[in-house]
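Please treat every number below as a calculation from the coordinates, not as lab data. Just so it is clear, the structure is predicted and the values come from calculations on it, not from any experiment. Heads up, the Cβs are rebuilt from the backbone with ideal geometry, glycines too, and the neighbour counts pull from every protein chain shown.
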Amino acid sequence: MRPRIKAEASVRRGGRLHRLLRLRWGAGTIAIAYVLLGLGWIFGSDALFDALFRGGIRDAVELGKGAGYVAVTALLLYGLMRRSLRALEDASSELERANRELRRLAGFPEYSPHPILLLRAGRVVFANDAARTLAVAASLPDASSLLPVETRELAAATPDEAGFGSSLESRVGDYAIRWHFFANPDEELVYAYGTDVTQVERLGARLAAAEQAEQRDRMVAGLAHDLRNMLTVVRGYAELLAPALAPNDAARADVEEMVRATRRAEELLRGFAALGRPSPGSAASRIDLAGELARLEPFLRHAVPHPIELAVERPGRPLPVALDGGQLNRLLLNLVVNAVDAIGQGSGRILVRCSAAGGEAVLEVSDTGCGMDEATVARIFEPFFTTKPRDKGTGLGLVMVRAIVEQAGGTISVSTKPGAGTTFAIRFPIASDDRSNLTAEEA
């Protein structure tokens, strides 16, 4: 609706003003009334006075008649002008209220947090602050560039052709915008209201990625289960074959090594077989995280070549968590080996530290290596994803680490930047019967 029409509608809604305007006398009406009253007074009073008065008294009466006419007309003009002025003042107040209402309505698009555009013949004639800000954030020359080509073609159509309630989604830099179009045929305008659906799309992408990861985990778990079954058969035959060989037979040592290798492989595959069925660890597999870290420190040092420095920090009190010692060994070894690969051939430092914070046991593995960008971090827990050469990495190490952490009811997070190193922070819940004592010690 046009502003003039809106103003007239607002004025018509003022019932009191409408009544006053109907009673207001125009300038022509006042002039005609004045002339008629004047002629009536002149001719009527002359005829009356001729009949009533004679001689010298007539002059005095004529003078009084003129003065009376002036007084009566002055009172009449005063009353008419006062009524007209009061009506004008009321009309002015009502119009001011209507203008304030229009200004409030006109300010709504400007204050809206969503981009709003007004188009005539496909050209943007108005863009609110949100649209201008979005254009600057996306490095666009102006707000009209927010609309893709197909959107501009839709808006360039006549309002009747554009229809009412049409919508189209577009991408502006890193932002996803859903545009809704509404036509105003009277003004030949198209209103474009934009909604930022970037977060909705990101949440949808994360959900899809989580579902894909779950499917991959189940696939890996099934494959690991089948491989374990086959290795069990190989180990069984090897265990039967070893005693049948003479003690001094060179093949016997090879068979015994085969048995040990298959057992190690079965232990490794056991972790992958659990990927498809994460569940919290039980109290039967409880360990002291600080004590286990002290026990594993020599093995970790063997995995760190010179000149890389390995530092281990642990508290002087136990940190009981529901975790298996073998799982902790695989977890730490994977993270430390990854840290060594991130540092490369030069010197660097790896820090393995455990502590208590907020009723949880925190295990951190930090390195001063090359770090990772956001795209890499988003995929590090995907099965078979690796940044290492094909002959040096399988892309399953961090998958197994995440599975171990989740089975223990814990969480894992990554803090990293390219060239600034990486820190993996793992949080395990403290065993329930020790949590209150540990919290009291922290305080």
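Using Cβ contacts closer than 10 Å as the measure, can you line up VAL172, VAL200 from fewest to most? Write out the running numbers ahead of the final one.
Values: VAL172 21, VAL200 12.
With the sparsest Cβ surroundings first, the list reads VAL200, VAL172.
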Problem set entry | Exposure proxy ranking, count of Cβ atoms within 10 Å, fewest first, for ASP249, ASP288 | ASP249, ASP288
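Multiply the residue gap between ALA71 and SER415 by 0.36 nm, knock off their C-alpha separation, and tell me the result in nm, one decimal place.
Numbers: separation 344, 0.36 × 344 = 123.84 nm, distance 9.59 nm.
Length gained, ALA71 through SER415: 114.2 nm.
Charges only on Cβ, +1 for Lys and Arg, -1 for Asp and Glu: so what's the dipole of segment 283-442 about the Cα centre, in debye to the nearest 20?
Working: 16 positive and 19 negative charges, 72 e Å.
Roughly 340 debye for segment 283-442.
Using R₀ = 56 Å, calculate the FRET efficiency as 1/(1 + (r/R₀)^6) where r is the Cβ-Cβ separation of ALA425 and ASN184; round to 0.05.
Numbers: r = 56 Å, r/R0 = 1.00.
Working from the Cβ atoms, E equals 0.50.
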Exercise. About the Cα centre of segment 75-149, what is the dipole size in debye to 20, counting +1 per Lys and Arg Cβ and -1 per Asp and Glu Cβ, all else neutral?
Worked result: 200 debye
Exercise. What FRET efficiency would be calculated for the residue pair ARG264, VAL312, taking the C-beta separation as r and a Förster radius of 22 Å, to the nearest 0.05?
Worked result: 0.35
Exercise. So how do GLU187, GLU96, GLU406 line up by other beta-carbon neighbours within 10 Å, fewest first?
Worked result: GLU96, GLU187, GLU406
